[in-house]
Amino acid sequence: MTQLRIAILGAGLAGLACARELTARGAAVTLFDKGRAAGGRLATRRAEAGGRRLQWDHGAQYLTARGPGFAALLAEAGAQGWGEAGRFVGVPGMSALPRALAAGLDLRPGRHVVALGGGPGAWTVRHLEAALVRPGKALPEVAPSEDGPFDAVAITLPPAQAAPLVARPAPGLRARIAEVGIAPCWTVLAAFGTRPDWPETLRPEAGPIGWLARDSGKPGRDAATECWVIHAGPHWSRAHLEAEAASIGPALLAALPPAPVPLHLQAHRWRYSLVEQPLGEPCLWLPEARLGLAGDWCLAGRAEAAFDSGRALAAAMCG
Ligand SMILES: Cc1cc2nc3c(=O)[nH]c(=O)nc-3n(C[C@H](O)[C@H](O)[C@H](O)COP(=O)(O)OP(=O)(O)OC[C@H]3O[C@@H](n4cnc5c(N)ncnc54)[C@H](O)[C@@H]3O)c2cc1C
């Protein structure tokens, strides 16, 4: 039998789970991602201040496993427990998990996919150098590079980013994925010379703050760096979505008990963070088009949902 050639767009957890399952079933898989590495929202940001190396998990904070498959994957990728029983994190940072899962896969990072060419059985993937693409701006007028042909394509991007790619080959899908709702999240990364008088983690019921955590208290981090992650809640994030990044740190610090002057303060805007309204199906697969979609947004706002969705799409593609 000839080996199936499959392109996977997106190397977050859904894309990685899909790739690993397809590879195990004998397919030749190529992963494309606009990021510098695999991981998507399983991410770790690094910086230096005052001669100290700082780091924060600015996306997913901790992972939980309800099913044995995801529990086994976390163990394989070296996740360690943190805080309450059943919470796991990557070590030395969350990004270590996707890095371990991507080992041995044909990953093409730094490729911003702009279109699919060709058609079923002979798809091509058109992409631009990610460094040329500015978020929220028109695409640069540069001819894209093209890879392929591929027998089938799996798109594992958040729905708003997948929508333009399916517009030509599968126009009917646009309405389906438009039903999905994902909240934005402003995230603040702060570091202090001395420990603020804050609890190790906090999830307030109301107000601007959605979550606070002492990132440097996670296993394998340098506890002395006092690195903290502050997430704004979805309501506040939506109301301030287009605000200047520089205004976000001071605004969220002002909503917390007084802290020492930070050594480092920066904000990251996640336009697509936690799923509020999922699709309600494990994945979407169009057998005639040989095109499918997966991601946490199919099932729920948890990393395990991305894993389940990616695996479901791989099974559908081979079915
Ligand atoms: C702030 C925050 C906190 C969270 N906290 C938790 C938590 O505590 N626990 C938990 O279980 N989950 C949490 N999550 C959710 C969890 O991170 C996600 O459910 C999971 O990582 C989603 O994986 P995914 O593969 O579906 O999508 P993503 O990780 O978003 O992967 C999509 C990939 O597609 C790539 N991409 C997008 N557009 C293009 C393009 N045009 N061309 C090429 N590549 C492209 C992106 O670079 C990305 O790598 C959190 C998320 C955020 C943002």
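The values are calculated or read from the model by the stated rules, or taken from the named source; none is laboratory data. Everything numeric here is computed off the predicted structure, so don't read it as measured data. Note that we place each Cβ from the backbone using ideal geometry, even for glycine, and neighbour counts take in every protein chain shown. What goes into the accessible areas is simple: the full protein's heavy atoms, side chains included, and nothing from ligands, DNA or RNA. Shrake-Rupley method; radii C 1.70, N 1.55, O 1.52, S 1.80 Å.
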Worksheet item: Where does helix 13-24 land angle-wise versus the long Cα axis of the chain, in degrees 0 to 90, nearest 10?
Response: 40
Discussion item. Kirkwood Rh and Cα-based Rg: tell me the resulting Rg over Rh for the range 84-145, rounded to two decimals.
Written reply: 1.15
Worksheet item: To two decimal places, what compactness ratio does the range 86-218 give when its Cα radius of gyration is scaled by 2.2 N^0.38 Å?
Response: 1.43
Discussion item. For the range 262-319, what does the relative contact order come out to in percent, with C-alpha contacts under 8 Å and a separation of six or more?
Written reply: 30
Discussion item. Through the Karplus equation 6.51 cos²θ - 1.76 cosθ + 1.60, θ set to phi - 60°, convert the phi angles of the range 34-42 into ³J(HN,Hα) values in whole Hz; use x for Gly and Pro.
Written reply: 6, x, 6, 8, 6, x, x, 7, 8
Worksheet, complete the sentence: Hull surface over four for the Cα convex hull of the range 1-50, reported in nm², is 4.1
Practice prompt. Specify the residue with the greatest mean-square fluctuation among P196, P144, P204, computed from a Gaussian network of the chain linking alpha-carbon atoms under 10 Å apart.
Written response: P204
Fill in: Between helix 303-318 and the chain: long-axis angle, C-alpha atoms, 0 to 90°, nearest 10
10
Worksheet entry | Distant-in-sequence amide H partners of G39 (H built 1.01 Å from N, under 5 Å) | A11, G12
Fill in: Probe 1.4 Å - accessible area at T64, Å² to nearest ten
50
Worksheet item: So how far, in whole Å, is the C-alpha centre of the range 59-81 from the one of the range 255-319?
Response: 15
Worksheet item: Rounded to a whole number, what % of the accessible area of the range 186-254 do carbon and sulfur atoms account for, probe 1.4 Å?
Response: 57
Discussion item. At 1.4 Å probe size, what's the solvent-accessible area of K34? Round to the nearest 10 Å².
Written reply: 110
Discussion item. Please list, ordered by chain and number, the residues whose modelled amide H lies under 5 Å from the amide H of I8; skip anything fewer than 5 residues away on the same chain.
Written reply: T30, L31, F32, A154
Discussion item. Probe radius 1.4 Å, ligands and nucleic acids left out: which of C298, C283 has the largest accessible area, and how do the rest follow?
Written reply: C283, C298
Worksheet, complete the sentence: The Kirkwood hydrodynamic radius of the range 1-128, taken as the inverse of the mean 1/r over all distinct Cα pairs, in Å, comes to 16.1
Practice prompt. Could you list the GluC sites (Glu not before Pro) in the range 239-319 that lie in coil according to DSSP, counting only those with at most 16 other Cβ atoms within 10 Å of their Cβ?
Written response: E242, E244, E288
Worksheet entry | Where the range 211-274 is the region considered: accessible area per residue in Å², 1.4 Å probe | 46
Worksheet entry | For the range 116-121, 3J(HN,Hα) per residue [Karplus equation, 6.51 cos²θ - 1.76 cosθ + 1.60, θ = phi - 60°, Hz, x = Gly/Pro] | 9, x, x, x, x, x
Worksheet item: Taking only the alpha carbons of the chain, what extent do you get along each of the three principal axes, in Å, biggest first?
Response: 63, 41, 37
Practice prompt. Counting only DSSP beta bridges with both residues in the chain, tell me the antiparallel percent, nearest 5.
Written response: 75
Discussion item. With θ taken as phi - 60° and the coefficients 6.51, -1.76 and 1.60, list the Karplus ³J(HN,Hα) couplings across the range 193-198 in order, rounded to whole Hz; mark glycine and proline as x.
Written reply: x, 10, 6, x, 7, 10
Worksheet item: L157's amide H: which non-local residues (gap 5+, or another chain) put their own amide H closer than 5 Å, with H modeled 1.01 Å from N in plane and none for Pro or chain starts?
Response: A294
Item to complete: Sum -39500 (n - 2.57) across every DSSP H segment of at least 4 residues in the chain, then divide by the residue count to get the 222 nm mean residue ellipticity, nearest 500.
Response: -6500 deg cm²/dmol
Worksheet item: Where q = 0.11, 0.15, 0.23, 0.27 Å⁻¹, what log10 of I(q)/I(0) comes from the Debye formula for the range 237-312, counting one point per Cα?
Response: -0.49, -0.70, -0.98, -1.15
Worksheet item: Which whole-number percentage describes the relative contact order of the range 29-168, with Cα contacts under 8 Å and a sequence gap of 6 or more?
Response: 24
Worksheet item: What are the semi-axes of the equivalent ellipsoid of the range 157-198, taken as the square roots of 5 times the eigenvalues of the Cα gyration tensor, listed largest first and rounded to whole Å?
Response: 41, 11, 5
